[in-house]
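The values are calculated or read from the model by the stated rules, or taken from the named source; none is laboratory data. A quick note: this is a predicted structure, and the numbers were derived from the prediction, not measured. So basically every Cβ, Gly included, is an ideal-geometry build from the backbone, and we count neighbours across all protein chains shown. All accessible areas refer to the heavy atoms of the entire protein, side chains included, with ligands and DNA or RNA removed. Shrake-Rupley method; radii C 1.70, N 1.55, O 1.52, S 1.80 Å.
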Amino acid sequence: MISNIAVLVSGRGSNLQSIIDNVESGYIQNAKIKIVISDVADAYALERSKKHGINTAFIDPSRFASKREYEQEIISILQVHDINLVLLAGYMRIVGSDLIETYKNKILNIHPALLPSFRGLHAQKQALNYGVKVAGCTVHFVDEDVDTGPIILQKCVPVLEEDTEDTLSDRILDQEHKIFPEAVKMFVEGKLKLEGRIVRRLK
Ligand code: GAR
């Protein structure tokens, strides 16, 4: 069975690019990115998608009276494209309950911290300011709360004495580009099994 993937983005889209590249190279098989949806009109992720012939949609949240209506629009687009996997790749909004319920355990997020530490915005800066010596990134299923869902994969990187937010973010980003496609591959191949909040990897 082919997995129809939708990717939600807000910005530059380097994680989107890593998914596109890994689908095109055949690392992720039996999957098609059907649509990339942005909440930001000039997100570079939209340009990247167009370069690869992928459908795009910009949905302006300010056009809607409520978050619920905004997400209903997203859901209807996802349904038109028969989506069975939703990726949040630098999507900077909190996902609401309708979207989560409609795609229960079918939404994956990449977060630039070793969860459960440093949830929310500016995770890399939070890590630097806290003084941790190891940082990293996490791919997880999305649940009702922010960055709390069951963890699929994590990768750590060292925090160096001379690090700035930018240098640490770059080091983490390199690992994001590896573990996000890896998690997508596992999902698409049906190798992930949820037991409560524990994600088991099937052989
Ligand atoms: C990535 O570092 C991603 O982990 C982070 O935003 C960046 C997006 O970069 N996401 C979050 O912080 C979500 N809470 P990209 O647009 O180049 O993929």
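Does ILE54 satisfy the condition of being out of contact with any Ser or Thr (no Cβ under 9 Å at 6 or more places or on another chain), under 28 Å from HIS122 (Cα atoms) and within 16 Å of the ligand (Cβ to nearest atom)?
Considered against the rule, which asks whether it is out of contact with any Ser or Thr (no Cβ under 9 Å at 6 or more places or on another chain), under 28 Å from HIS122 (Cα atoms) and within 16 Å of the ligand (Cβ to nearest atom), ILE54 comes out as no.
Output the number of the condition that ALA43 fails; it satisfies all remaining conditions of (1) within 14 Å of the ligand (Cβ to nearest atom); (2) open to solvent by less than 10 Å² (accessible area, probe 1.4 Å); (3) under 22 Å from LYS185 (Cα atoms); (4) out of contact with any Pro (no Cβ under 8 Å at 6 or more places or on another chain).
(3)
Anything in the range 137-179 that is within 21 Å of LEU85 (Cβ to Cβ), open to solvent by less than 30 Å² (accessible area, probe 1.4 Å) and acidic (Asp, Glu)? List them, or say none.
ASP147, GLU176
Output the helices (runs of 4 or more DSSP H) that fall wholly within the range 66-142 and possess 2 or more residues being within 18 Å of ILE33 (Cα to Cα), modelled with pLDDT of 95 or more and not polar (S, T, N, Q), or say none.
The helices (runs of 4 or more DSSP H) meeting that bar are 67-80.
Kindly evaluate SER117 against the criterion of being more than 16 Å from the ligand (Cβ to nearest atom), open to solvent by 30 Å² or more (accessible area, probe 1.4 Å) and more than 23 Å from ILE20 (Cα to Cα).
no
Restrict the check to the range 18-30 and report whether at least one residue is within 15 Å of the ligand (Cβ to nearest atom), within 16 Å of the chain's Cα centre (by Cα) and among the acidic types (Asp, Glu).
yes
Kindly provide the set of residues from the range 73-96 that are open to solvent by 20 Å² or more (accessible area, probe 1.4 Å) and of a type in the set (Gly, Ala, Ser), ordered by number. Spell out how you get there, then give the answer.
First pass over the range 73-96, keeping only residues open to solvent by 20 Å² or more (accessible area, probe 1.4 Å): 73, 76-77, 79-82, 84, 90, 92-94.
Of everything in the range 73-96, those that are open to solvent by 20 Å² or more (accessible area, probe 1.4 Å) and of a type in the set (Gly, Ala, Ser) turn out to be SER76, GLY90.
Would the range 52-72 turn up any residue that is in contact (Cβ under 8 Å) with a residue 40 or more places away in the chain and open to solvent by less than 30 Å² (accessible area, probe 1.4 Å)?
no
Which one of these is under 24 Å from LYS191 (Cβ atoms), touching a His at 6+ places or on another chain (Cβ under 9 Å) and either in a strand (DSSP E or B) or among the aliphatic types (A, V, I, L, M) (or both): ILE33, ILE28?
Details: ILE28 fails: touching a His at 6+ places or on another chain (Cβ under 9 Å).
Being under 24 Å from LYS191 (Cβ atoms), touching a His at 6+ places or on another chain (Cβ under 9 Å) and either in a strand (DSSP E or B) or among the aliphatic types (A, V, I, L, M) (or both) holds for just one of ILE33, ILE28, which is ILE33.
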